[in-house]
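Just below is one structure, and these are the notes that go with it.
The values are calculated or read from the model by the stated rules, or taken from the named source; none is laboratory data. Only a predicted model underlies this, so the values are computations on that prediction, with no experimental measurement involved. For neighbour counting, all protein chains shown are included, and Cβ atoms are generated from backbone atoms with ideal geometry for every residue, glycine included.
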């Protein structure tokens with residue numbers, strides 16, 4: 001199968017979040033997909049298979065399949081538009097989160113995702129011990145969302161990943177704050193699914209966009225993820241949907257032989 005590595009949410013290589021993209025000529029079983037994702041050892045590997053009305057898309061971490069991944073969707077759309085059907089502008093992906101539409105507009109890939117507005121959750125001593133900070137509130141969507149006082153706290157946080165991995169709440173943990181230059185900033189940790197810190201997490205912004213839209217009273221926002229690689233995410237709140245946009249660069253082209 002053809003295999004690509006794409007740096008998503010970045011306008012240059014070595015930035016953003018690298019995702020593997022496998023282009024399938026025939027269906028393969030989930031066990032083989034999981035083995036390939038483990039071998040690739042990236043935070044996500046996307047598997048793309050063309051069907052009559054678009055593409056089937058699946059996402060795997062090195063340890064398990066997930067129901068939504070933003071940066072690997074962006075990477076898959078980039079490969080469709082640059083390697084499979086050059087110049088394609090509109091793409092439709094059938095996924096575990098339903099049909100996801102992606103539009104390429106200049107250098108931006110605009111992904112239409114379901115909104116996952118987080119609900120208020122109880123702040124616990126286990127959360128405080130795992131994150132090493134005190135917070136006034138916590139919120140829960142698929143992931144635990146923890147607002148902090150400022151961008152500096154987000155940059156400097158050093159969570160205990162072993163304790164994060166056994167928290168009762170959330171698949172992952174997102175810390176976020178109002179940005180100094182961007183509208184908001186975040187960092188994302190997913191040790192439960194084999195990812196310590198994810199460089200740029202598109203799916204996290206399905207929760208962060210409605211949260212910050214209400215706080216800031218803005219529908220269109222620019223977000224920064226403050227990992228070592230860093231990345232920029234353009235967000236728009238549409239109510240029950242969100243648009244999450246970013247740029248992408250292809251780093252690697254090759255073949256997987258199985």
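For residue 103, are the conditions met, namely being more than 15 Å from the chain's Cα centre (by Cα), over 16 Å from residue 205 (Cα atoms) and surrounded by fewer than 24 Cβ atoms within 10 Å (Cβ to Cβ)? Steps first, answer last, please.
Numbers: more than 15 Å from the chain's Cα centre (by Cα): yes; over 16 Å from residue 205 (Cα atoms): yes; surrounded by fewer than 24 Cβ atoms within 10 Å (Cβ to Cβ): yes.
Yes; evaluated as a whole, the condition is true for this residue.
Counting only residues that are in contact with a helix residue (DSSP H, G or I) (Cβ under 6 Å, 6 or more places away or on another chain) and surrounded by fewer than 24 Cβ atoms within 10 Å (Cβ to Cβ), which one in the stretch 45-79 is nearest to residue 231 (Cα to Cα)?
Here the residue is 61.
Yes/no matrix, rows are residues, columns are (1) buried (at least 17 other Cβ atoms within 10 Å of the Cβ); (2) assigned by TED's automatic domain parsing to the domain that holds residue 232; (3) farther than 26 Å from residue 228 by Cα:
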residue: 7; (1), (2), (3): yes, no, no
residue: 15; (1), (2), (3): yes, no, no
residue: 33; (1), (2), (3): yes, no, yes
residue: 40; (1), (2), (3): yes, no, no
residue: 43; (1), (2), (3): yes, no, no
residue: 81; (1), (2), (3): yes, no, yes
residue: 90; (1), (2), (3): no, no, yes
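Of the numbered conditions (1) more than 15 Å from the chain's Cα centre (by Cα); (2) modelled with pLDDT under 95; (3) not assigned by TED's automatic domain parsing to the domain that holds residue 53, residue 193 satisfies every one except a single condition; which is it?
(1) is the only condition that residue 193 fails.
Counting just the residues of the stretch 228-258 that are in contact (Cβ under 8 Å) with a residue 60 or more places away in the chain and in a loop (DSSP other than H, G, I, E, B), which one comes out farthest from the chain's Cα centre (by Cα)?
Taking the stretch 228-258 as the starting set, the residues that turn out to be in contact (Cβ under 8 Å) with a residue 60 or more places away in the chain are 229-234, 237-256, 258.
In the following step, the residues that additionally are in a loop (DSSP other than H, G, I, E, B) were identified as 229-230, 238-240, 247, 256, 258.
Numbers: 229: 14, 230: 13, 238: 19, 239: 20, 240: 18, 247: 13, 256: 24, 258: 27 Å.
Applying the filter and picking the extreme gives 258.
With a cut-off of at least 1 residues that are closer than 15 Å to residue 256 by Cα and in contact (Cβ under 8 Å) with a residue 12 or more places away in the chain, name the strands (runs of 3 or more DSSP E) lying wholly within the stretch 1-109. Full working, then the answer.
Numbers: elements: 2-8, 17-24, 45-51, 54-60, 90-95, 98-105.
So the answer is 2-8, 17-24, 45-51.
Hey, residue 167 hits all of (1) under 18 Å from residue 75 (Cβ atoms); (2) more than 19 Å from the chain's Cα centre (by Cα) but one; which does it fall short on?
Result: residue 167 passes all but (1).
If you check residue 106 against the conditions, is it outside the structural domain of residue 205 (by TED's automatic domain parsing) and at negative phi? Step through it out loud before you land on a result.
Details: outside the structural domain of residue 205 (by TED's automatic domain parsing): yes; at negative phi: no.
The answer is no for residue 106.
What residue, of 208, 226, 252, 238, is in contact with a strand residue (DSSP E or B) (Cβ under 7 Å, 6 or more places away or on another chain) and within 13 Å of residue 115 (Cα to Cα)? Outline the logic, then answer.
Values: 226 fails: within 13 Å of residue 115 (Cα to Cα); 252 fails: within 13 Å of residue 115 (Cα to Cα); 238 fails: in contact with a strand residue (DSSP E or B) (Cβ under 7 Å, 6 or more places away or on another chain).
Criteria check complete, one pass: 208.
Identify, please: which residue in the stretch 122-138 is within 22 Å of residue 209 (Cα to Cα) and touching a helix residue (DSSP H, G or I) at 6+ places or on another chain (Cβ under 9 Å) and is, among those, surrounded by the most Cβ atoms within 10 Å (Cβ to Cβ)? Talk me through it step by step, then tell me what you get.
Narrowing the stretch 122-138 to residues within 22 Å of residue 209 (Cα to Cα): 122-123, 135-138.
Subsequent filtering for residues that are touching a helix residue (DSSP H, G or I) at 6+ places or on another chain (Cβ under 9 Å) retains 135, 138.
Details: 135: 15, 138: 21.
Checking each candidate, the answer is 138.
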